[in-house]
1. Go through the residues of the stretch 209-229 one by one and say whether even a single one is aliphatic (A, V, I, L, M), surrounded by fewer than 18 Cβ atoms within 10 Å (Cβ to Cβ) and more than 22 Å from residue 322 (Cβ to Cβ).
2. When residues of the stretch 202-260 are filtered for being under 22 Å from residue 593 (Cα atoms) and of a type in the set (Lys, Arg), how many remain?
3. Output the number of residues of the stretch 462-481 satisfying the condition of being surrounded by fewer than 19 Cβ atoms within 10 Å (Cβ to Cβ), touching a residue at least 12 places away in the same chain (Cβ under 8 Å) and within 37 Å of the chain's Cα centre (by Cα).
4. Looking only at residues that are of a type outside the set (D, E, K, R) and surrounded by fewer than 17 Cβ atoms within 10 Å (Cβ to Cβ) in the stretch 168-192, which one is nearest to residue 26 (Cα to Cα)?
5. Keeping to the stretch 193-206, report how many residues are over 25 Å from residue 306 (Cβ atoms) and surrounded by 17 or more Cβ atoms within 10 Å (Cβ to Cβ).
6. Only residues that are hydrophobic (A, V, I, L, M, F, W, C) and in contact with a Gly (Cβ under 7 Å, 6 or more places away or on another chain): list them for the stretch 474-492, please.
7. Hey, which of the strands (runs of 3 or more DSSP E) in the stretch 164-276, taking only ones fully inside, have at least 1 residues that are of a type in the set (Lys, Arg)?
8. Inspect the stretch 234-247 for any residue being over 20 Å from the mean Cα position of the chain (by Cα) and surrounded by fewer than 17 Cβ atoms within 10 Å (Cβ to Cβ) and give the result as yes or no.
Amino acid sequence: MAVRRLDPILVDRIAAGEVVERPAAAVKELVENAIDAGASSIEVAIEAGGRRLIRVVDDGQGMTPEDLELAIERHATSKLPTGDLSSINTLGFRGEALPSIGAVARLAITTRTADAQTGSSIVVEAGAKGAVRPAPGPKGTRIEVTDLFAATPARLKFLKSDRSEAQAVAEVVKRLAIAHPTIRFTLAGEHVTAFTYPPEPAGEHGFLRRLSRVLGSDFHENAMAVDVAREGVRLFGFASLPTYHRGTGAGIHFTVNGRPVRDKLLLGAVRGAYADVMASDRHPVLALMIDLDPHNVDVNVHPAKTEVRFRDPAFVRGFVVAALKEAITRFGMRSSSTVGARTLDSLRPQGTPLRPVSVAHRAPSFRHVNAFAGWQAPVELAHRPAGLAEMQGSLPDLAAPSADSRATLPEHDLGHDDAPLGAVRAQIHGTYIVAQTQDGIVIVDQHAAHERLVYERLKRERAASGIARQLLLIPEVVDLDPVDADRVLAEAVTLESLGLVLEPFGPGALLVREVPAALAGGRIKALVQDVADALAEWGQGASSPLEERLDAVLSRMSCHGSVRAGRRMRPEEMNALLREMEATPLSGQCNHGRPTYVELKLADIERLFGRR
């Protein structure tokens, strides 16, 4: 078969498949062009998920008739003035977006510069270019893309529903809005909730306001500030507290030199930074900007420009991990405000608004009389939805109260109301500690809190002089699956450095001679089994740094040296636990990312009872 040169229009349609794979990709290219043109306001409108119409209007610098005619040619761009691909300071630079879109749709452009008396327009339809004509219009550029992929009907079969495509467009606009908070962004159209993000002033406060609009109003009070610079690289932005997380990674936003990216290296760095304080199936919410010399990053490695390649990837990953870990440590005792909000929501009768009730004007009705102190339950509790009155019939007999009240605490303990976690007042169900603060109450999960404290103690000992060990008076034999036993024995030297000394004791059996002193008295069989499980995961994720893998083993081990749920504690023990939490980094969440305490403000409690 003879070799022949493809038709130029067919070449454009093939190239369009790389640049414009769906409507959201077209929107991304057009909005990036508007940003590069110096726009202060960008409006996006779509119909049928962008398939029928995409309209992008900006107030940027516009184009002259000569520039407009050249802009629709392949590989024509104003964004590489020196032709140096190693020094790119713009978002769009390939010169493929407009001709690619025009090859598979009807593309109409109207533009005018500030000093021009009139504007110019051009139409490209399925690759056929029209002539540049005079046209009225304000300063800036207006681009309309209609009947996307009409010239390539097979492409339409791979599009998702109009709603899904519209949501993808919204996600693109939101990511660009995060990357450029000083620009006004507007999105409207079918199958998408319209929004407008007003321009914010440059700097930390403006950026946080933009993030609160895009990521949710509660992000503001659950955000940790990050601002670190090293060796010509600056990392700036906000990351969520470990107890503020979501089920997917959609809330993770990175910007490299103003370009939103979804880079595997950076996503892995986030997971590594939060590994100690968040469950593996949860994801933080963050928006971080990385600024560095353009010569040290290649943005030309992906057709959609969503991935980058750093000249020194190990440094960048370590830099991001260290910066996030420092912030997590600095804010580690804080717990997400949404934890308290969820607690209050669970106490409220669902669907019943909280409002003051005048007792004097309401005659209570009663369902039955309880044996404890003549306590009577109102009829309404039986008919209210789940919430405060949930499962009324399953409540314990109040004749045997489960709260271990500590009304007569030693005098010196009463002076801790001004401490962050307050002074102990009771222990409930042998599991939860209730403390009083100056403006509310704190409920602490004693096992989760002590698990974090033991874990941090083990890490400190390992980093200092080694983990203190305690010799067992009678060595304990632990039976495991032979595969697990072999895996543990293969890491015996490493485990000894972590305070666990063991040796083989027949097929599938191990003899434990020493354990970390912090775990003395724990369940040794469960401890060894958890270590075996951690080592199994270790083998699957062997690419992780050594320190992260050792911490994973210590995290499993620390659970077995913690105060167990159901154990009654003395008042001085409970107060000592609270004081140690206040002095320990990351004590706001356990090793698995669950909150160790819930704080309820007095004002919120008063609203529950209709006092406000």
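All of the numbers you see were taken from the coordinates with simple rules; none came from a lab. Keep in mind it's a predicted model, so treat the numbers as computed, not measured. Cβ atoms come from the backbone with ideal geometry, glycine included; neighbour counts cover every protein chain shown.
1. Taking the stretch 209-229 as the starting set, the residues that turn out to be aliphatic (A, V, I, L, M) are 211, 214-215, 223-226, 228-229.
Those still in the list that are surrounded by fewer than 18 Cβ atoms within 10 Å (Cβ to Cβ) too: 225, 228-229.
Keeping just the survivors that are more than 22 Å from residue 322 (Cβ to Cβ) gives none.
No, every residue in the stretch 209-229 fails to be aliphatic (A, V, I, L, M), surrounded by fewer than 18 Cβ atoms within 10 Å (Cβ to Cβ) and more than 22 Å from residue 322 (Cβ to Cβ).
2. 1
3. 3
4. Going residue by residue through the stretch 168-192, those that are of a type outside the set (D, E, K, R) are 168-170, 172-173, 176-183, 185-189, 191-192.
Applying the additional criterion that residues be surrounded by fewer than 17 Cβ atoms within 10 Å (Cβ to Cβ) yields 182, 188.
Values: 182: 23, 188: 16 Å.
So the residue we want is 188.
5. 0
6. If we filter the stretch 474-492 for residues that are hydrophobic (A, V, I, L, M, F, W, C), which is where we start, we get 474, 477-478, 480, 483, 485, 488-490, 492.
Scanning the stretch 474-492 gives 480, 485.
7. Details: elements: 184-189, 195-197, 223-230, 233-240, 252-256, 259-261.
In the stretch 164-276, 184-189, 223-230, 233-240, 259-261 are the strands (runs of 3 or more DSSP E) which contain 1 or more residues that are of a type in the set (Lys, Arg).
8. Going residue by residue through the stretch 234-247, those that are over 20 Å from the mean Cα position of the chain (by Cα) are 234.
Add one more test, that the residue is surrounded by fewer than 17 Cβ atoms within 10 Å (Cβ to Cβ), and what stays is 234.
Yes, the conditions are met somewhere in the stretch 234-247.
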